[in-house]
Amino acid sequence: MKAPLPIAVFASGRGSNLQSILDATDDPAFPATVELVISDQADARALERARLSGVNAIHIAPGEKRARLSEEADTRLLHILAEKKVRLVALAGFMRILSGRFLREFFGQVINIHPSLLPSFPGLDAQDQAVRHGVRWSGCTVHFVDEGVDTGPIILQAAVPVKSDDTAVTLAARILPEEHRIYPEAIRLISTGEVTLVNGRLSWRQERGESL
Ligand code: GAR
């Protein structure tokens, strides 16, 4: 059997998506392993979840900037990831924009989960945006990260209905279990090479006619 792909999860808060990844990796047959969890928030529940699972949990002081990490934090992050030989970074509710330098270094190796059917409703409060627009369907998207906000090639999506009396809270509660289902699945697809990024587009092994 191939060695599991070493991944890092970046999370700023509650960490329920992180938990779904940790639970998936509990299965020894899962093709990835969480080497470390990184947060820009020292008191993030995500860090606690990592520790409870015996995974390295690291707080990176983000610096003064509101939306981005400081250059210093960026450098430290790249150093830690190189040290742990991380091959894939999964953003799971990580509320900072990664630098161009970071994304160039990890080109095609950073993925994100977002609580809408992208390209609709990128950015903050995606569930609230969906309710306010009165869309009948919303959901979640796992995508490769590029230098835009919630842009980049889409790997998996799941749709849920939006009800006329939904609030952002009730819609978020309907979307979340779908996030927990498709995020580990996307990581599995990448780790096994079933899906790869070729010239900025997704390439599926099945469509290429190759066998596993
Ligand atoms: C999730 O709903 C995730 O999709 C969203 O933050 C939440 C984190 O929850 N991410 C974004 O909005 C990114 N643009 P969690 O900490 O319980 O995984």
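Size descriptors for the chain (Cα atoms only): Rg and Dmax, in that order, 16.8, 50 Å. Across the chain, Cα pairs under 8 Å and at least six residues apart give a relative contact order of 18 percent. Inter-label distance, Arg205 to Arg136: 3.8 nm, where each label sits 7 Å from its Cα along the C-beta direction.
Computed extension gain for His79 through Arg104, at 0.36 nm per residue and net of the alpha carbon distance, reaches 7.6 nm.
Could you tell me what percent of the DSSP beta bridges with both partners in the chain are antiparallel, to the nearest 5? Taking every DSSP beta bridge with both residues in the chain, the antiparallel ones total about 45 percent. Taking a ≥ b ≥ c as the square roots of the eigenvalues of the Cα gyration tensor of segment 61-117, is the shape rounded (a/c under 1.5), prolate (a/b larger than b/c) or oblate? Since a/c reaches 1.5 but b/c is at least a/b, the shape of segment 61-117 is classed as oblate.
Just so you know, all these numbers are worked out from the coordinates, no wet-lab data involved. Keep in mind that this is a model prediction, so the values were computed, not measured. Neighbour counts are summed over all protein chains in view; Cβ atoms, including those assigned to glycine, are modelled from backbone coordinates with ideal geometry.
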